[in-house]
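Every read-out reported here was derived from the displayed coordinates using simple, explicitly stated rules and does not represent laboratory data. From a predicted model like this one, the values you see are computed outputs, not experimental measurements. No Cβ is skipped: glycine too gets one built from the backbone with ideal geometry, and neighbour counts run over all protein chains shown.
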Amino acid sequence: MNTFHDQIQRNKLKSFFLIIIIFVFFLILGYIISIILDPSYFFIIMIISTIFSLGYILISYYNSDKIALASVRAKPASKTTHSSFFRAAENMALASGLPMPRLYIMPSSEINAFASGRNPEKAVICVTTGCLEKLNKQELEGVIAHEMAHIANYDIRYMTLTAIMIGMISIVAQLFLRSLWFTDFRDRDNKAGIILLILGIVFAILAPIVAQLVSLSISRKREFLADSTAVKFTRYPPGLMGALNKIKNEHVPENEKHKFASALAPLFISDPFKKKIQGLFSTHPPIDVRIKLLNSM
């Protein structure tokens, strides 16, 4: 039988190794380009990609809570109207040892929730109206515990690091491919030079795609980690299991579904787009797998 401690440790290690894989891709891409092009020219590409990637991502990082809340038209929760939400959050703040997050409500009959903010002191938790209407006390605490787990595990910071590296890989690859139009390759008449050039082009095309797939894998691992950490906070797996079962089985009419920005999908406790086909391009692991793992704890 798996314990939540085993799951937490396992998913932390997997996330760490996946980050290393992205970094290795970045180094390989840089090495190949530096051989093909003049090393000094590659150095300029690296500076440009780093500045653009860091600037764009860090602005988003420091305003992540404001951007996320505004995009879903969330409003601050009321202690009187949403007392069950406040009680669940207070209980989980005590269980986790984290500061009480700011609480928000987004208008949607679907069961869903997300956490955002660059650190526990700046954290927010936002739930749908459907979450408060359809979940019982234990299920709601399971969902809040899952979101508190994301805060405790610094997942926003972790995914920001991933986004920065993917951004740098994408920019370096684009700059390299565009630079080929202005580079004189007449002296590359040997087979080794041609093979190296083709290898560089292929790797520059594939590296951003592979890095994005690894990023999605990290997102799925962080969901497993948040589930396991939630059990550590609640000591009651059936609560989160019940919430996930209701998410899995709910049927919301198309005209009542909330329109979410695709960039926000990894933040939610379940994929808001509910893709029928789960796989490499999914931001979340299959709910059945998550329930099975929770049931084994």
- Task: Please report, in whole Å, how far the alpha carbons of the stretch 86-137 spread along each principal axis, starting with the longest.
- Result: 29, 23, 11
- Query: Per residue and in cubic angstrom, what volume does the convex hull of the Cα atoms of the stretch 96-251 have?
  - Reply: 161
- Note on the structure: Burial-style ranking of 70-77, 145-152, average other-beta-carbon count within 10 Å with highest first, yields 145-152, 70-77
- If you put +1 on each Lys and Arg Cβ and -1 on each Asp and Glu Cβ, how big is the dipole of the stretch 125-174 around its Cα centre, in Debye rounded to 20? 120
- Which listed pairs, of 137/232; 79/246; 134/248; 232/292, have C-alpha distances above 21 Å, in listed order: 79/246
